[in-house]
Amino acid sequence: MSLLKRSATELVGTFWLVLGGCGSAVLAAAFPDVGIGLLGVSLAFGLTVLTMAFAIGHISGCHLNPAVSLGLVVGGRFPSRELPAYIIAQVIGGVIAAALLYFIASGKPGFELAGGLASNGFGEHSPGGYSMAAGFVCELVMTAMFILIILGATDKRAPAGLAPIAIGLALTLIHLISIPVTNTSVNPARSTGPALIVGGWAIQQLWMFWVAPLLGAVVGGVLYRWLGKEET
């Protein structure tokens, strides 16, 4: 499969992740009487990865996340020369999804972009008021564990065919833990889309949702490479 086609697949997959995950937060989390809340949003993010892993995993590997792509490079599962193309495609997919979500959400009377469009943030823009340091550490650790789970679940020694379930549930769990802290990123493309639409504070704080997940990806990749290495 050509790099162009695989990158385009990553664009579509990341589009689905941001539209499904952030869309559930913006459109359904607090819907009158039947709002899905934190649990529903967490599950929605997990379901986007689960469904796309089955749909496109055999085409592009279903990274949907610059941190995942980097973690796979560090873990020895993905060629570094293809990393820029994947990251660019993922970010474009995230931006398109955020723009579409804004269009849909703004069709409701009273909608205000000041609500954040599910943007990630810290300090006064953290859902629970958590500090920058707390948010940074949370994003780093959650991403590291996510990469470790992905590398482990997709290892040739792991049970075949079950990786999408493990990875989808892992992302659900990560959101259950960290939505109150940062609104959960662990994915720079997911953060970039809404931030570019919201602007202002979301752009100013976006750096952390690139730096912390990418550092976490390196940690997770190195850790699994050591843990998973077969001893002779």
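Of the residues L39, L47, only one is open to solvent by 40 Å² or more (accessible area, probe 1.4 Å), over 22 Å from Y102 (Cα atoms) and part of a helix (DSSP H, G or I); which?
Unique residue meeting the criteria: L39.
What residue, among those in segment 51-69 that are crowded, with 20+ Cβ neighbours inside 10 Å and among the aliphatic types (A, V, I, L, M), is nearest to V211 (Cα to Cα)?
A67
When segment 180-205 is examined, which residues are found to be in contact (Cβ under 8 Å) with a residue 60 or more places away in the chain, open to solvent by 10 Å² or more (accessible area, probe 1.4 Å) and either among the acidic types (D, E) or more than 17 Å from F15 (Cα to Cα) (or both)?
P180, N183, V198, W201, Q205
Pull out all pairs, ordered by first then second residue, where Cβ-Cβ is under 8 Å, the residues are six or more apart or on different chains, the first lies in segment 1-18 and is open to solvent by 20 Å² or more (accessible area, probe 1.4 Å), and the second is part of a helix (DSSP H, G or I) and of a type in the set (F, W, Y).
Matching pairs, first to second residue: R6/Y86.
Can you tell me which residue among G123, G75 is within 21 Å of L140 (Cα to Cα), over 19 Å from the mean Cα position of the chain (by Cα) and open to solvent by less than 40 Å² (accessible area, probe 1.4 Å)?
After applying the criteria, what remains is G123.
Answer yes or no as to whether F146 is within 21 Å of the chain's Cα centre (by Cα), closer than 25 Å to P180 by Cβ and open to solvent by 30 Å² or more (accessible area, probe 1.4 Å).
No.
The values are calculated or read from the model by the stated rules, or taken from the named source; none is laboratory data. On a predicted model such as this, the values are computed, not experimentally measured, just so you know. Cβ: placed from backbone, ideal geometry, glycine included. Neighbour counts: every protein chain shown. Accessible surface is based on the protein model in full, side chains and every heavy atom, while ligands, DNA and RNA are left aside. Shrake-Rupley method; radii C 1.70, N 1.55, O 1.52, S 1.80 Å.
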